[in-house]
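Peer 1: Take this structure first; my questions come after.
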Amino acid sequence: MGSRIVATGRALPRTLVSNKDLERYMDTSDEWISTRTGIRQRYTMRQGESLADITAEASKIALNRAGMKAADLDAIVVGTVSSEYGFPSFACQVQTRLGIDTIPAFDVAAACSGFVYALSVADSMMRAGDFKRVLTIGTDALSTMVDWNDRRTAVLFGDGAGAAVMVHEPGPRGVLTSVLRSAGQHWNLLAVRSTGIRSTIDSEVRRDPADSIQMKGPELFKIAVKSIADVTKQAAEKAGIDIAAVDLVVPHQANMRILSAVAERLGISQEKVFTNIDRYGNTSAASVPIALDEALEQDRIHDNDLVMLNACGGGLTWGANLLRW
Ligand code: ACO
């Protein structure tokens, strides 16, 4: 095998925003948000907070749990679309916060599929043989890119970071397969221009609506269900594994109804699908590693379990990784 996750960590902004809090900002209700999406609260960035700091915190937790120092790493791969800078990359900003130098650090831009893509890239690098210890991260702050007057998008997103320490390891455990897909022709179902200020929930200056996240939710919903189910089946088939043998699915947390519809299509019980969308909302690339970290904390994953990660997001992009834990 090429690589195995040996430890994870997560970190969040300090501000917790409940659905009730959002009722003060826009014409919405806790009832609508929770029944249509499953979301009850989310953590959002405030003025002066840095996503790179939060990501470094998640990374340090993962490194500490792995019993490693940042200096032991051979590379940093970050799934994100939330860099404050066009360049340098977000990964370079995390690298300097970890106090290390010279190892390659770069971003993978696949929106909500960012971690699934980054994990596949990190695994391939380790299979190729040049890298032994890679820090793989999913991190995003889409709440800073919404129009806070647009109830159709603003209620969905939360911010955060999740990190995984991966090591090269021969043997039966680790990443069995990854399948990645993109469909650029659907780019305008979910998009945001790279111009415009970051407008946190507490900032006085508001982002121009034209520079805010634009989303065609119902179309996206249908494509997401089909594409996540298809790619999950393909990842299992590629590994020669019956989907019924998967012990736990750790999906991107976009919408509770998407998660239920995917499980139904795959013929797997809801108990096998880890969900925490009620407490975090859609944290984009951070959602899979945050969910993985929580699933481990809750003892939902045991040695040798088959764990499926899957996601779909802007691009459109989608993908799945099958891991033998
Ligand atoms: N509060 C109250 N009412 C609302 C809100 C809100 N926050 N948002 C929309 N509505 C209203 C609409 O205005 C509309 O009212 P109308 O009929 O009077 O015009 C009504 O609710 C229904 O709107 P729809 O958009 O049809 O609602 P739908 O049931 O499709 O749910 C949602 C919208 C939650 C966005 C859903 O389409 C969805 O989850 N789509 C997937 C999008 C997604 O997950 N994007 C994240 C990134 S992509 C990914 O991660 C897979």
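The values are calculated or read from the model by the stated rules, or taken from the named source; none is laboratory data. No experiment lies behind these values; they were computed from the predicted model shown. Cβ atoms come from the backbone with ideal geometry, glycine included; neighbour counts cover every protein chain shown. Protein only, heavy atoms only, side chains kept; ligands, DNA and RNA dropped before computing areas. Shrake-Rupley method; radii C 1.70, N 1.55, O 1.52, S 1.80 Å.
Peer 1: Tell me, what is the FRET efficiency for Arg257 and Thr96 to the nearest 0.05, using R0 = 51 angstrom and their Cβ-Cβ distance as r?
Peer 2: So the FRET efficiency works out to roughly 0.80.
Peer 1: With +1 on each Lys and Arg Cβ and -1 on each Asp and Glu Cβ, how big is the dipole of the stretch 116-255 about its Cα centre, in debye rounded to the nearest 20? Spell out each step's value before the answer.
Peer 2: Values: 16 positive and 16 negative charges, 50 e Å.
Dipole about the Cα centre, nearest 20: 240 debye.
Peer 1: Separate question: For a quick protection proxy, order the peptides 15-24, 138-147, 173-182 by their average other-Cβ count within 10 Å, most packed first.
Peer 2: Ranked by mean Cβ neighbours within 10 Å, highest first: 138-147, 173-182, 15-24.
Peer 1: Rounded to the nearest 0.05, what FRET efficiency is calculated for Asp242 and Arg40 with R0 set to 25 Å and r the Cβ-Cβ distance?
Peer 2: Values: r = 35 Å, r/R0 = 1.38.
My answer for the efficiency is 0.15.
Peer 1: With Rg and the Kirkwood Rh both taken from Cα atoms, where does Rg over Rh land for the stretch 1-121?
Peer 2: Numbers: Rg = 17.1 Å, Rh = 16.4 Å.
Radius of gyration over Kirkwood radius for the stretch 1-121 works out to 1.04.
Peer 1: Could you work out the helix-only [θ] at 222 nm for the chain, with each DSSP H run of four or more residues adding -39,500 (n - 2.57) and the total divided by the number of residues, to the nearest 500 deg cm²/dmol?
Peer 2: About -9500 deg cm²/dmol.
Peer 1: Roughly how many nanometres apart are two label points built 7 Å out from the Cα toward the Cβ at Gln234 and Ser124?
Peer 2: In this crude spin-label approximation the distance works out to 1.4 nm.
Peer 1: Using the Cα centre as the reference, give the magnitude of the dipole from point charges on the C-beta atoms of the chain (Lys, Arg: +1; Asp, Glu: -1; all else neutral), rounded to the nearest 20 debye. Provide the component values of the computation, followed by the final result.
Peer 2: Working: 35 positive and 38 negative charges, 72 e Å.
Computed charge dipole of the chain: roughly 340 debye.
Peer 1: What does the accessible area per residue of the chain come to in Å², with a 1.4 Å probe and no ligands, DNA or RNA counted?
Peer 2: On the way: 13170 Å² over 325 residues.
Result: 41 Å² of accessible area for each residue.
Peer 1: Modelled label-to-label distance, Asp74 and Thr195, 7 Å Cα→beta-carbon offset: nm?
Peer 2: 4.3 nm
Peer 1: If the cut-off is a Cα-Cα distance under 28 Å, which lysines reach Lys233, setting aside same-chain residues fewer than 8 apart in sequence?
Peer 2: Excluding near neighbours in sequence, the set is Lys216, Lys222, Lys272.
Peer 1: Give the aspartates and glutamates whose C-alpha is closer than 18 Å to that of Lys226, dropping any in the same chain fewer than 8 places away, or say none.
Peer 2: Within reach: Glu237, Glu264.
Peer 1: What is the list of residues in the stretch 176-213 whose amide nitrogen lies under 11 Å from a point 7 angstrom out from the Cα of Met26, following Cα to Cβ?
Peer 2: 213
Peer 1: Right, here's the next one. Using r as the Cβ-Cβ distance of Asp150 and Gln298, and R0 as 51 Å, what FRET efficiency do you calculate, to the nearest 0.05?
Peer 2: Numbers: r = 34 Å, r/R0 = 0.67.
The computed FRET efficiency comes out at 0.90.
Peer 1: A further question follows. For the chain, just run the numbers: alpha carbon Rg, then divide by 2.2 N^0.38 Å, N being how many residues it has. Intermediate values should be presented prior to the final figure.
Peer 2: Details: Rg = 18.3 Å, N = 325, 2.2 N^0.38 = 19.8 Å.
Expressed relative to 2.2 N^0.38 Å, the Cα Rg reads 0.92.
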